[in-house]
Every structure is written in structure tokens, then in C-alpha cells.
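Note sheet for the following structure.
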Amino acid sequence: MSAIYSALAGISDATERLNTAASRIAQWPVAPPPDAVNLSDEAVALIEAKNENAANVKTAHVAEDMMRAALDLIG
């Protein structure tokens, strides 16, 4: 069960990073100079968050498959 919880926590963290990057990109034309948005950095952050989400979803699916297999062995 801990693999699923870990995957869900990872999805939550990656989604938060994705939302932060998207919010910064949305501020791009109006961001003041000290908070200037580097679109390249934000694009990388979006891609990383997407990949982290995909990896965590795959982890949750594998954990679910393992639990089903274990239950099949038991019953």
C-alpha cells in the first residue's frame, strides 16, 4: 500500500510544481524585472512535472497490479 501512497504524494508534488510553473508563465509579459520569468526554465519545469506525474501514475498502476496478483494468490 505504501507504494500507492508514495505515488499519490509524488503526483501531488508534481502537480504543485506544474501549477507554479504555469502561473509564472502566465505572468510573463507583466512580471517586474526582479521576478522576470525565464521561459526556458519554466518550460523545463513543466516537462519535468509532466514526466514526474507520468512516472508516479505508472508506479500506482504497478502497485495496484501487484496487489491484485497477491489477492489472486490468496483467494
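Numbers at a glance
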read-out: When residues of the range 10-24 are limited to those that are without any contact (Cβ under 8 Å) to a residue 40 or more places away in the chain and of a type outside the set (S, T, N, Q), the one farthest from Ala49 (Cα to Cα); value: Arg24
read-out: Any hit, the range 43-57, residues being basic (Lys, Arg) and surrounded by 15 or more Cβ atoms within 10 Å (Cβ to Cβ); value: no
read-out: Qualifying residue in the range 43-63 (condition: on the phi < 0 side of the Ramachandran plot, acidic (Asp, Glu), in a helix (DSSP H, G or I) and free of Cβ contacts under 8 Å to residues at least 12 places away in the same chain); value: no
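Each reported figure results from applying straightforward, stated rules to the coordinates on display, with no laboratory input. This is a predicted model, so every value here is computed, not measured. Reconstructed Cβ throughout: ideal geometry from the backbone, glycine too, with neighbour counts over all protein chains shown.
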